[in-house]
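The structure follows.
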Amino acid sequence: MSATFSHKSFAQQLKKYYSLYTGGFIAFVVALAIAEQMGMSRTWIGYWFMFATIGLYAMIGIMSRTMDAAEYYVAGRRVPAFFNGMATGADWMSAASFIGMAGTLYLSGYDGLSFVMGWTGGYVLVALFLAPYLRKFGQFTIPDFLGARYGGNIVRSIGIFAAILCSFTYVVAQIYGVGIITSKFTGLEFAIGVFVGLAGILVCSFLGGMRAVTWTQVAQYIILIIAYLTPVVWLGVKHTGIPVPQFAYGPVLQKVGELEKKITADPKEVEARGLAKAAGAEATAALKDVAKASADRRAALEQRMAKAKADNAPDFVQASIKQAYDNTPTDPSKQSEFWSARRNLGANASPPRPHAQPFPGKDEKAQDLARRNFLGIVFCMMFGTAALPHILMRYYTTPSVRQARTSVFWSLFFIFLLYFTAPCLAVLAKFDVYSNLVGSKFMELPAWAAAWRLVDPSLLTITDLNFDGIVQLAEIAIGGDIIVLATPEIAGLPYVVSGLVAAGGLAAALSTADGLLLTIANALSHDLYYKMIDPQAPTARRVMVSKVLLLLVALTAAWVTSYKPGNILFLVGAAFSLAASAFFPALVLGVFWKRANKWGAIIGMVAGLGTCMYYMCVTYPFLRNLLGVTAPIAEYQWFGMNAISAGVFGVPIGLATIFVVSLLTAPPEKEVQELVEHVRYPNLAGDTVMSEAR
């Protein structure tokens, strides 16, 4: 009874503290809005949002510092279900969800819903198959469960490798998002912005481990959901007159469809699409010798400029040619970036994809391929969600099995708030781009377009291909990673809203990065060092080893991120496919099939993960370039599946291998089967926990 009372009292205290925190943050935003009206510069608004929120997270991290193993690894197992759900929501709401989700829906329309369906459906699998059983097991990490369930250090070692691989891939995406936000809103170079943002990540996870990360993630969720909903509500009122646009953006979607038809039939757009195809091909060839290509382009533009003057061409034509000349870099360090960004225009050779049309394609074969990849992404995101170590670790932190199950419900609720909003945001942003940017004059581009072109040309390229001085849709190459961050500026909202959204994006990236770095460090310090190398290591040394490793992993991830290895959504999707292939078969069969044994798990995990890694290496351009693979991607694709859906092959191969090998080898020992029996039937009325001594 006293434990229950203590738990309720702790939960009430948390509600009080976070209610005051939420009110204080809203007051802070209002104060900055007033300061903007009184003349505060955009730079200072950006600084206030960036450093005030990072400072707040740092303060929580410092207050939550600990050297106690249970507090450091699982927050003392006393996080109430409601707050664990909120922390899981923040842990889950990565840069991919906050920054990339609406951007993918903007670019892909209906097809982008595959991520929403997969990620949301994955939590059903978590609730049904894993969360309560892992909590009943009661240790610290996923390799812990694999080691105890299957026995021996081999399967634990594979679990450590897989946890590091998928978490590292995922954390690179988060740090990439941090770099984009920091460089845009502070004016720092991207690579410097990455390391500045890294400081905000480390200050929480380094000092207090899971305890600091948990309470920081609750604070970060509050900021990110306020930041995400604010511009959508504002845009909804602007376009529909209703402050809940999620239920009323249908008429705007209809207007987008009408604009798509108009753009598709416009003769100027048809001309621009042909030029976009040629520009993409030119850029692909130019990347073989960027210095020569840049010099040739400037010479050709000089001749065109001279001819335009001789022919007394209109001023806007001459100005467009001059701008194209000025934008062609002479600095060798920027020439590759220029041509890489220009290559993106090649994607505009086709008419705009109808936003609301499922599985668009020029023929039945193309439509079938689109449908197949849609289902592939749903599959990988679902099973990846149910296997990500940094998410599953969160259910070790609740006081009981019942609380673990309840926290899955709260996780879904807090995730739903953002996912229900993303499709609406994508449509409203697309309507503003189609109606305000398309058809505008090149010499009078909106301020947001000019600003984002400076951050990274690969995120936004606007080129006057036909030199008519008017922006056509085919002349815009926009990256999905900027849609959410740029939406307030696209819609003409006060800059304080842009700063708020940037703070929300930073909170999303930092919260997930904290959890991921902690997962990697714990796999190395707890599972490798403590469980396999030095079982007698004292608690203080174990925690210190974890902190040192966390710092080294973070610096390595930041270094890799500075090379921009891929867009945010692909990196995150790849992490899900890797996690699904490596962990899901072994975890689920480990809980629900007593006959699954050590050799089945070892060979099954290697087979599933190996298949997934191989498929990505031969079908993803960045990895193909690293490995020197030159044959066409189509020759390596199975059933036309894209690299992001590699888990479609890894999961079934892993399941089948574990099943077959387990039947062909000796069954597990009686003690292991008793462990399965214990885990399979969670005591929902109590707090039964497996002893850490196991």
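Can you confirm whether region 509-529 contains a residue that is more than 30 Å from MET616 (Cα to Cα) and surrounded by fewer than 23 Cβ atoms within 10 Å (Cβ to Cβ)?
Yes, some residue in region 509-529 is more than 30 Å from MET616 (Cα to Cα) and surrounded by fewer than 23 Cβ atoms within 10 Å (Cβ to Cβ).
Only one of ALA643, ALA666 is surrounded by 20 or more Cβ atoms within 10 Å (Cβ to Cβ) and small (Gly, Ala, Ser); which?
Every option except ALA643 fails the conditions.
Just wondering, is there one or more residues in region 75-93 that are open to solvent by 10 Å² or more (accessible area, probe 1.4 Å), among the charged types (D, E, K, R) and not in a helix (DSSP H, G or I)?
Initially, region 75-93 is screened for residues open to solvent by 10 Å² or more (accessible area, probe 1.4 Å), giving 76-78, 82, 86.
The next check asks that each one be among the charged types (D, E, K, R); those that pass are 77-78.
Subset that is not in a helix (DSSP H, G or I): 78.
Within region 75-93, one or more residues are open to solvent by 10 Å² or more (accessible area, probe 1.4 Å), among the charged types (D, E, K, R) and not in a helix (DSSP H, G or I).
Still on this model: Do we have any residue at all in region 128-151 that's in a helix (DSSP H, G or I) and among the polar types (S, T, N, Q)?
no
Check every one of the helices (runs of 4 or more DSSP H) wholly within region 393-498 and list those with 2 or more residues that are within 30 Å of ALA31 (Cβ to Cβ), touching a Lys or Arg at 6+ places or on another chain (Cβ under 9 Å) and open to solvent by 20 Å² or more (accessible area, probe 1.4 Å).
Per the criteria, 447-455.
Also: Testing ILE602 on (1) touching a residue at least 40 places away in the same chain (Cβ under 8 Å); (2) within 20 Å of SER645 (Cβ to Cβ), one condition comes back false. Which one is that?
Only one criterion is unmet by ILE602, namely (2).
Looking at this structure, is VAL29 in contact (Cβ under 8 Å) with a residue 40 or more places away in the chain, touching a Lys or Arg at 6+ places or on another chain (Cβ under 9 Å) and of a type in the set (A, V, I, L, M)? Steps first, please.
Numbers: in contact (Cβ under 8 Å) with a residue 40 or more places away in the chain: yes; touching a Lys or Arg at 6+ places or on another chain (Cβ under 9 Å): no; of a type in the set (A, V, I, L, M): yes.
For VAL29, the condition - in contact (Cβ under 8 Å) with a residue 40 or more places away in the chain, touching a Lys or Arg at 6+ places or on another chain (Cβ under 9 Å) and of a type in the set (A, V, I, L, M) - is not met.
Looking at ALA319, is it in contact with a helix residue (DSSP H, G or I) (Cβ under 7 Å, 6 or more places away or on another chain) and closer than 15 Å to ARG343 by Cα?
Spelling it out, it is not the case that ALA319 is in contact with a helix residue (DSSP H, G or I) (Cβ under 7 Å, 6 or more places away or on another chain) and closer than 15 Å to ARG343 by Cα.
Turning to a different aspect of this structure: Hey, could you check region 604-639 for residues that are more than 30 Å from GLY590 (Cα to Cα) and β-branched (Val, Ile, Thr) and say which is surrounded by the most Cβ atoms within 10 Å (Cβ to Cβ)?
THR619
Let me confirm something: among MET38, MET1, which residue is of a type outside the set (Ser, Thr, Tyr), loosely packed, with under 11 Cβ neighbours inside 10 Å and modelled with pLDDT under 90?
Going through MET38, MET1 in turn, just one is of a type outside the set (Ser, Thr, Tyr), loosely packed, with under 11 Cβ neighbours inside 10 Å and modelled with pLDDT under 90: MET1.
Considering (1) modelled with pLDDT under 85; (2) part of a helix (DSSP H, G or I); (3) closer than 26 Å to GLY159 by Cβ, say which one ILE520 fails and leave the rest.
Only one criterion is unmet by ILE520, namely (1).
A further question on this structure: Pick from TRP92, TRP44: which is modelled with pLDDT of 85 or more and not β-branched (Val, Ile, Thr)?
Details: TRP92 fails: modelled with pLDDT of 85 or more.
It is TRP44.
Applying the selection to region 640-677, what residues are polar (S, T, N, Q) and within 13 Å of LEU589 (Cα to Cα)?
Within region 640-677, THR657, SER662, GLN673 meet the criteria.
Moving on. Taking the stated definitions as given, is ALA278 closer than 24 Å to LEU459 by Cα, touching a Pro at 6+ places or on another chain (Cβ under 8 Å) and open to solvent by 30 Å² or more (accessible area, probe 1.4 Å)?
Working: closer than 24 Å to LEU459 by Cα: yes; touching a Pro at 6+ places or on another chain (Cβ under 8 Å): no; open to solvent by 30 Å² or more (accessible area, probe 1.4 Å): yes.
In short, no.
Another question, if that's okay. Only residues in region 9-21 that are touching a residue at least 60 places away in the same chain (Cβ under 8 Å) count as the first member; pair them with residues that are surrounded by 11 or more Cβ atoms within 10 Å (Cβ to Cβ) and in a helix (DSSP H, G or I), Cβ under 6 angstrom, at least 6 apart or cross-chain, and list the lot.
LEU14/PHE83
Considering each residue of region 352-392, count those that are of a type in the set (A, V, I, L, M, F, W, C), over 23 Å from CYS612 (Cα atoms) and assigned to a loop (DSSP other than H, G, I, E, B), and give that number.
Adding up the residues that qualify gives 2.
Restricting to region 328-359, give me the number of residues that are farther than 30 Å from ARG372 by Cβ, open to solvent by 50 Å² or more (accessible area, probe 1.4 Å) and in contact (Cβ under 8 Å) with a residue 24 or more places away in the chain.
Residues of region 328-359 that are farther than 30 Å from ARG372 by Cβ, as a first pass: 328-339, 341-342.
Restricting the remaining residues to those that are open to solvent by 50 Å² or more (accessible area, probe 1.4 Å) gives 330-334, 336-337.
If we keep only those that are in contact (Cβ under 8 Å) with a residue 24 or more places away in the chain too, we end up with 330, 332, 336-337.
Result for region 328-359: 4.
Residue by residue through region 309-326, note down the ones that are in a helix (DSSP H, G or I) and without any contact (Cβ under 8 Å) to a residue 60 or more places away in the chain.
Our first condition is that a residue be in a helix (DSSP H, G or I); within region 309-326, this holds for 309-310, 315-326.
Result: LYS309, ALA310, ASP315, GLN318, LYS322, TYR325, ASP326.
Only one of MET117, MET101 is part of a helix (DSSP H, G or I), surrounded by fewer than 20 Cβ atoms within 10 Å (Cβ to Cβ) and in contact (Cβ under 8 Å) with a residue 12 or more places away in the chain. Can you tell me which?
MET117
Could you go through region 223-238 and let me know if any residue there is loosely packed, with under 14 Cβ neighbours inside 10 Å and over 30 Å from GLY85 (Cβ atoms).
At the first step, the residues of region 223-238 found to be loosely packed, with under 14 Cβ neighbours inside 10 Å are 237.
With over 30 Å from GLY85 (Cβ atoms) added as a condition, the list becomes none.
No: zero hits.
Tell me yes or no: at least one residue of region 555-572 is in a loop (DSSP other than H, G, I, E, B), aliphatic (A, V, I, L, M) and either out of contact with any His (no Cβ under 9 Å at 6 or more places or on another chain) or open to solvent by 10 Å² or more (accessible area, probe 1.4 Å) (or both).
Looking for residues that are in a loop (DSSP other than H, G, I, E, B), aliphatic (A, V, I, L, M) and either out of contact with any His (no Cβ under 9 Å at 6 or more places or on another chain) or open to solvent by 10 Å² or more (accessible area, probe 1.4 Å) (or both), one finds none in region 555-572, hence no.
Starting from region 281-298, take each residue that is in contact (Cβ under 8 Å) with a residue 24 or more places away in the chain and over 15 Å from PRO332 (Cβ atoms) and list its partners that are open to solvent by 70 Å² or more (accessible area, probe 1.4 Å) and assigned to a helix (DSSP H, G or I), counting only C-beta distances under 7 angstrom and pairs at least six apart or across chains.
ALA283/ARG343; THR284/ARG343
The values are calculated or read from the model by the stated rules, or taken from the named source; none is laboratory data. Computed from a prediction, not measured in an experiment: that's the story for all the values here. Quick reminder, even Gly has a Cβ in these numbers, built from the backbone with ideal geometry, and neighbours come from all protein chains shown. Ligands, DNA and RNA are excluded from the accessible area calculation, which covers all protein heavy atoms including side chains. Shrake-Rupley method; radii C 1.70, N 1.55, O 1.52, S 1.80 Å.
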